[in-house]
Amino acid sequence: MSSSPATGAGQARGLLFIVSAPSGAGKTTLVERLVEQLPHLRMSRSYTSRAARQGETDGVDYNFVTRDRFETMAAAGEFLEWADVFGNLYGTCAADTDSMLMAGEDVVLVIDVQGARKVRARGLQTQAVFVMPPSFAVLEQRLRGRSKDSEAAIQMRLQVSRQEVAAFTEYDFVVVNDELSAAVDRLRGVVVSERARLARMQAEAETIVRTF
Ligand code: ADP
Ligand code: 5GP
């Protein structure tokens, strides 16, 4: 199979991207748009003990599990990382992530700041993107506009967002999610540039060089 910066993938192990942002900043929307546009880019499906919101489907938006089941999986070491976010447990399945990467797919983990720290602490090579809302006021509007959380949940998310945005310096890239399609373009630029790095392209380039 061939690979190129535009199409990605191939036989090499895939790249691991992390996208974090305060809840409501639009990270899920951005990443969903991007995976529709770029072949060989997959969004990881997390496990969570949170109840499904209206319109969310088990096995699509998340793998919804009981807290007991989540804790059993965590104790068995099945998560690459997991965290307590707003009182619910969220985690990335290590086996699912690894099988996509082994198949040469690039994987995006849409996880919170704590989860991103845990992935990095494992020594994994990642390209981490912080999605910044244009302002606190816009974040509040988006959380309310999504109208899927209770007022108490919105207040908690807004309060936590103040610590989360302060962590942006821990990331490799910052994408401000102002106008949606422009923000998707910038995020795509990050993925496409990473796919063009020497380490990623070396094998294909050497194959070409051997034709000379
Ligand atoms: P997150 O995954 O970060 O919690 P979502 O992707 O659920 O956020 O987006 C929160 C809300 O903001 C949704 O209603 C979504 O449609 C909206 N949204 C996302 N990006 C933009 C944007 N660039 N402009 C306007 N609304 C946006
Ligand atoms: P929500 O309940 O709005 O879907 O998500 C709440 C928060 O949990 C978001 O910040 C989201 O990024 C984070 N999150 C979702 N899945 C995971 C995961 O697998 N691990 C971690 N650490 N955070 C996650």
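Considering each of GLU105, GLU140 in turn, give the residue that is in contact with a strand residue (DSSP E or B) (Cβ under 6 Å, 6 or more places away or on another chain) and of a type in the set (D, E, K, R).
On the way: GLU140 fails: in contact with a strand residue (DSSP E or B) (Cβ under 6 Å, 6 or more places away or on another chain).
Going through GLU105, GLU140 in turn, the sole match is GLU105.
When the test is whether a residue is open to solvent by 20 Å² or more (accessible area, probe 1.4 Å) and within 9 Å of ligand 1 (Cβ to nearest atom), ASP149 does not pass it.
On the stretch given as segment 39-56, residues that are modelled with pLDDT of 95 or more and either of a type in the set (Val, Ile, Thr) or more than 16 Å from ARG197 (Cβ to Cβ) (or both) total 9. Within segment 82-94, at least one residue is in contact with a Gly (Cβ under 7 Å, 6 or more places away or on another chain), under 26 Å from ARG157 (Cα atoms) and either open to solvent by 80 Å² or more (accessible area, probe 1.4 Å) or of a type in the set (Asp, Glu) (or both).
Please determine whether any residue of segment 28-48 is open to solvent by less than 50 Å² (accessible area, probe 1.4 Å), in a helix (DSSP H, G or I) and within 15 Å of ligand 2 (Cβ to nearest atom). The answer is yes; a qualifying residue exists. Applying the selection to segment 124-146, what residues are assigned to a loop (DSSP other than H, G, I, E, B) and crowded, with 19+ Cβ neighbours inside 10 Å? Selection gives PRO133 alone. Answer with yes or no whether VAL165 is surrounded by 15 or more Cβ atoms within 10 Å (Cβ to Cβ), within 16 Å of ligand 2 (Cβ to nearest atom) and over 18 Å from the mean Cα position of the chain (by Cα). So VAL165 does not fit the description; no.
Taking residues in segment 195-208 that are within 19 Å of HIS40 (Cβ to Cβ), and partners anywhere that are modelled with pLDDT of 95 or more and assigned to a loop (DSSP other than H, G, I, E, B), the pairs with Cβ atoms closer than 8 Å and at least 6 places apart or on different chains are ARG195/LEU15; ARG200/LEU15. Taken over segment 152-183, residues that are assigned to a helix (DSSP H, G or I) and not small (Gly, Ala, Ser) amount to 15.
Note on segment 50-60: residues that are surrounded by 10 or more Cβ atoms within 10 Å (Cβ to Cβ) and within 16 Å of ALA153 (Cβ to Cβ) amount to 4. PRO5 falls short on exactly one of the conditions (1) within 11 Å of ligand 2 (Cβ to nearest atom); (2) touching a Ser or Thr at 6+ places or on another chain (Cβ under 9 Å); (3) at pLDDT below 95, and that condition is (1).
The values are calculated or read from the model by the stated rules, or taken from the named source; none is laboratory data. Note that the coordinates shown come from a computational prediction; the quantities given were computed from them, not determined experimentally. All Cβ positions, glycine included, derive from the backbone under ideal geometry; neighbour counts span all protein chains shown. The accessibility values were calculated without ligands, DNA or RNA, using every heavy atom of the protein model including side chains. Shrake-Rupley method; radii C 1.70, N 1.55, O 1.52, S 1.80 Å.
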